[in-house]
C-alpha cells in the first residue's frame, strides 16, 4: 500500500498518509492511532471478510460509531491504493 486516505471515520475527519514499507504510529492516547488501523480493518472486512463478523475487524457499539462525530449524513470514505470504500446510513 502506498497511499491511505480516511474521511469521516470515527475520530478522523480527514487524513491522508503516504505509506512506506514500515509505518509506526506514535502519539498521545486518544489521538486516532488505533482508528487508522481500524479503518484498514473495515476496508479488509468489506473486501475480504466474507462470512465473518464486522466486529472481528472494527470496535463499535452500533454503526453510527463508525462516523466522525456520529454525523451519519457525511459518508465514511476509506481509500487504499486502488480500493475504495464508501459507507452511508
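The values are calculated or read from the model by the stated rules, or taken from the named source; none is laboratory data. Please read these numbers as outputs of a predicted model, since none were measured by experiment. Heads up, the Cβs are rebuilt from the backbone with ideal geometry, glycines too, and the neighbour counts pull from every protein chain shown.
Overview of results
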quantity	calculated
Only one of 3, 10 that is closer than 17 Å to residue 89 by Cβ and in contact (Cβ under 8 Å) with a residue 24 or more places away in the chain	10
Residue ID - modelled with the highest pLDDT, chosen from residues in the range 40-58 that are closer than 18 Å to residue 17 by Cα and out of contact with any helix residue (DSSP H, G or I) (no Cβ under 9 Å at 6 or more places or on another chain)	40
Pair list, Cβ under 7 Å, 6 or more apart: the range 32-55 residue closer than 13 Å to residue 77 by Cα, other residue modelled with pLDDT of 95 or more and part of a helix (DSSP H, G or I)	none
Unique residue being at pLDDT 95 or above and either surrounded by 14 or more Cβ atoms within 10 Å (Cβ to Cβ) or not in a helix (DSSP H, G or I) (or both) when the list is 61, 7	7
Qualifying residue in the range 74-87 (condition: in a helix (DSSP H, G or I), free of Cβ contacts under 8 Å to residues at least 60 places away in the same chain, exposed (fewer than 14 other Cβ atoms within 10 Å of the Cβ) and more than 13 Å from the chain's Cα centre (by Cα))	no
Unmet requirement for residue 39, which otherwise passes all of (1) out of contact with any strand residue (DSSP E or B) (no Cβ under 7 Å at 6 or more places or on another chain); (2) surrounded by 12 or more Cβ atoms within 10 Å (Cβ to Cβ)	(1)
